[in-house]
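Taking it in order: structure first as structure tokens, then the write-up.
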Amino acid sequence: MTAAAGFCPRCGSGLAGPPPTVCPACAYQLYVNARPTASLVVLDGQGRFLALRRAMEPMAGLWETPGGFCDGFEHPRDAAVREGREELGVEVRLGDLIGMYVGTYEFQGELLPVLDCFYFATLDVAAIRLDPAESSDMTWFDLAAPPKMAFSTMDAALVDAYRVQESLLSAK
Ligand SMILES: [Zn+2]
């Protein structure tokens with residue numbers, strides 16, 4: 001199942017096919033683009049990153065990095081800080097962008113394209129207070145050997161994050 005819109009969001013007429021398409025009744029041009037998200041690779045200074053166990057579907061029970069969708073016109077950097085505040089209860093210190101990855105996210109019975117933006121971050125570990133609605137558990141994993149994460153974009157970002165960290169270390 002892909003992102004399919006059966007009806008025009010402007011006038012409600014039936015559409016001939018999935019986006020990109022043009023409404024036959026009102027000529028509204030319907031596109032579906034990747035929706036931006038922001039996620040945090042929180043490092044502890046000992047080569048480990050913070051993982052949360054998802055409490056919500058999709059992928060409940062699997063490990064994830066903290067993060068979520070950008071609101072409206074929100075910049076991913078701002079969303080990353082806000083998500084840190086909401087999911088971890090702390091003000092994160094945001095680092096460099098690790099990369100952007102296109103993935104899929106199941107929502108309301110559709111597989112939506114997402115553009116996941118990952119940032120390095122550090123924080124005051126003792127101050128973490130998980131939101132039980134979002135996360136049932138937290139742990140630290142070795143960045144060199146992460147487990148399979150809830151989403152493939154997280155797997156890819158962690159590989160790149162490890163590469164960046166290694167190149168920083170070897171440059172010292
Ligand atoms: Zn229409």
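Under 4.7 Å Cβ to Cβ, no partner at all: give me those cysteines from the chain, in residue order.
70, 117
Within 10 Å, Cβ to Cβ, of residue 144, how many net charges do the neighbouring residues add up to if Lys/Arg are +1 and Asp/Glu are -1?
-1
Sorting check: for 91-104, 14-27, which peptide has the highest mean count of neighbouring beta carbons within 10 Å, and how do the rest follow?
91-104, 14-27
With label points built 7 Å along Cα→Cβ from the Cα atoms of residue 100 and residue 168, find their separation and express it in nm.
Going by the 7 Å Cα→Cβ label model, 2.2 nm.
Please sort 162-172, 120-130 by packing, taking for each peptide the average over its residues of neighbouring beta carbons within 10 angstrom, highest first.
Per-residue Cβ counts within 10 Å, averaged per peptide and sorted highest first, yield 120-130, 162-172.
If you bin every alpha carbon distance in the chain into 5 Å steps from zero, what whole percent lands in each bin?
Calculated P(r), rounded to whole percents: 1, 8, 16, 19, 18, 12, 8, 7, 5, 3, 2, 0, 0.
Take every Cα pair under 8 Å in the chain that's 6+ residues apart, average their separations, divide by the length, and report that relative contact order as a whole percent.
Taking the mean separation of contacting Cα pairs over the length of the chain, I get 24 percent.
When the helix-only estimate is applied to the chain (DSSP H runs of n ≥ 4, each -39,500 (n - 2.57), divided by the residue count), what is the mean residue ellipticity at 222 nm, nearest 500 deg cm²/dmol?
Helix contribution divided over all residues of the chain: -6500 deg cm²/dmol.
Nearest 10 degrees, 0 to 90: what angle lies between the long axis of helix 152-171 and the longest principal axis of the chain (Cα atoms)?
Helix 152-171 sits at roughly 40 degrees to that axis.
Return the whole-Å distance between the Cα centroid of the stretch 116-159 and the Cα centroid of the stretch 29-107.
Here the two parts' Cα centres lie 9 Å apart.
Estimate the FRET efficiency between residue 55 and residue 139 by the formula 1/(1 + (r/R0)^6), using the beta-carbon distance for r and 22 Å for R0, to the nearest 0.05.
In this case the efficiency is close to 0.95.
Can you tell me the alpha carbon radius of gyration of the stretch 110-172 divided by the globular rule-of-thumb value 2.2 N^0.38 Å?
Working it through for the stretch 110-172, the quotient is 1.35.
A short reminder: the numbers here are calculations on the coordinates, not readings from a lab. Bear in mind the structure is a predicted one, so any value in this text is a computation, not a measurement. No Cβ is skipped: glycine too gets one built from the backbone with ideal geometry, and neighbour counts run over all protein chains shown.
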